[in-house]
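The values are calculated or read from the model by the stated rules, or taken from the named source; none is laboratory data. What you see is a predicted model, and the numbers here were worked out from it, not measured in a lab. All Cβ positions, even for glycine, are placed from backbone atoms using ideal geometry, and neighbour counts span all protein chains on display. Just so you know, the surface numbers come from the protein's heavy atoms only, side chains and all, with ligands and any DNA or RNA stripped out. Shrake-Rupley method; radii C 1.70, N 1.55, O 1.52, S 1.80 Å.
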Amino acid sequence: MHVSLTRLRIRSLRFLPGFMVYALRSESQVRSAAGFRKGSLLPDRKRTFWTMTLWDSPGSMRAYMTSGAHKAAMPKLLHWCDQASVTHWETDEDALPSWEDAVSRMRSQGRPSKVLHPAPGHADLTFDTPRLSPFKPIAPR
């Protein structure tokens, strides 16, 4: 199994409506994606959003990431986000890890994604400890 974890902080309220449109489209897309097992969304404070998804393989995750609504959203995130990071890892479990474990992995193994207007903490992943609830499960269709 392959776990994908992302953290995005939207830099201004004015970008939130557009972000939410693409987030909902991407969520709909992932539910039908080949190889998708399960996922979780975590809305955090300060316009920050986490996603954690479990896949059959890195290839199935990449196929989702490079198509449809998700592909259309990625270039916009360069402008919308002031902090963004990602990490991936392999697991033998057919279950998502805890959010505590996910946050720990982001801090230790994560890498910043490209943004055009980086805020302090972007490059070194010194983000605030997230609020770990409420989170929303994502199930395949």
Computed, not fitted: 222 nm per-residue ellipticity of the chain from DSSP H runs ≥ 4 (each -39500 (n - 2.57)), nearest 500, equal to -10500 deg cm²/dmol
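Find the accessible area per residue for the chain; the probe is 1.4 Å, ligands and nucleic acids are left out, and the unit is Å².
Values: 7370 Å² over 141 residues.
Computed with neighbouring chains in place, this is 52 Å² per residue.
When the solvent-accessible surface of protein heavy atoms is calculated with a 1.4 angstrom probe, in what order do Thr66, Thr87 fall, highest first?
Thr66, Thr87
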To the nearest 0.05, the calculated FRET efficiency linking Ser28 and Ser57 through their beta-carbon distance, R0 being 30 Å, is 0.85
Taking every DSSP bridge whose two residues both lie in the chain, the antiparallel percent to the nearest 5 is 100
The orientation-averaged projected area of the Cα convex hull of the chain, in nm², is 7.5
With a 1.4 angstrom probe the carbon and sulfur portion of accessible area for the chain, in percent, totals 57
For the pair Lys136 and Thr66, the simple spin-label estimate (label points 7 Å beyond Cα toward Cβ) gives in nm 2.9
Within the set Pro43, Pro112, Pro120, GNM on the chain using Cα springs under 10 Å gives the largest fluctuation to Pro120
